[in-house]
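The values are calculated or read from the model by the stated rules, or taken from the named source; none is laboratory data. Every value quoted in this text rests on a predicted model; they were computed, and no experiment measured them. Backbone-built Cβ (ideal geometry, glycine too); neighbour counts: all protein chains shown.
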Amino acid sequence: MGKIVVCDHPLIQHKLTYIRDENTKTKDFRQLVDEVAMLMAYEITRDLPLEHVEVKTPVAIADGKVISGRMLGLIPILRAGLGMVDGILKLHPTAKVGHVGLYRDPETLQPVEYYVKLPTDVQQRELIVIDPMLATGGSANAAIKLLKERGCASIKLMCLIAAPEGIQAVQEAHPDVDVYVAAIDDHLNDHGYIIPGLGDAGDRLFGTK
Ligand code: URA
């Protein structure tokens, strides 16, 4: 079973509280999400492999370590996932970014792809799927599935806030995927909102409400 990691660093929890606050305006909301994404990137990349290198300092040779192995790929789910991309890129500027757009078919209620653009070497990358609000888990599961169908094997999921229902759905569908969250909330309401949550992440990020 994939692990569930709650990133409970005080800075993340502090910023998440202001992200939740309905009085936080778009500009601050965006900045706080960016900062939390950067802090979560630190945690989600903790197990990246290192290799030994030597560097010449001005006075001697020093043993050093650099990240080795597969490069990162960030896969934000449109549109709220976009809000976490730049924060991660600040720590990992060489990551490539693929985009996945999904909508829910009003009749089947199943997620349908409307836009998928991935790095050409996506199969060779360690992927982080970004879905800030893990509600039912439908979009995250569909995004992970489409990546696996294209041959991707190394996938983690990064969310700001998850509902227990969403976590369970991802664990059932993709037990190989580790999930990183800043908070696990109480439940989903009848409209699919996470309670207490933060409202609609896309609207709050882009000021469309
Ligand atoms: N998407 C959101 O933006 N907010 C929720 O609470 C659930 C899904």
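Which count do you get for residues in region 151-209 that are part of a helix (DSSP H, G or I), in contact with a Lys or Arg (Cβ under 8 Å, 6 or more places away or on another chain) and more than 10 Å from the ligand (Cβ to nearest atom)? Before you say what the answer is, go through the steps one by one.
Taking region 151-209 first, the residues part of a helix (DSSP H, G or I) are 164-173, 201-206.
From the residues that got through so far, the ones that are in contact with a Lys or Arg (Cβ under 8 Å, 6 or more places away or on another chain) too are 173, 202-203, 205-206.
Now drop any that are not more than 10 Å from the ligand (Cβ to nearest atom), which leaves 173, 206.
Matching residues across region 151-209 total 2.
Taking region 67-94 as the range and being in a strand (DSSP E or B), more than 16 Å from the ligand (Cβ to nearest atom) and at pLDDT 95 or above as the test, the residues that pass are LEU72, GLY73, LEU74, ILE75. Considering (1) closer than 21 Å to LYS3 by Cβ; (2) of a type in the set (D, E, K, R); (3) in contact (Cβ under 8 Å) with a residue 24 or more places away in the chain, the lone condition that GLU172 does not fulfil carries the number (3). Taken over region 196-209, the criterion of being within 21 Å of MET158 (Cβ to Cβ) and either loosely packed, with under 12 Cβ neighbours inside 10 Å or among the basic types (Lys, Arg) (or both) is satisfied by ARG204 alone.
Within region 113-124, identify whether any single residue is within 13 Å of the ligand (Cβ to nearest atom) and over 21 Å from ILE44 (Cβ atoms), and answer yes or no. No: zero hits.
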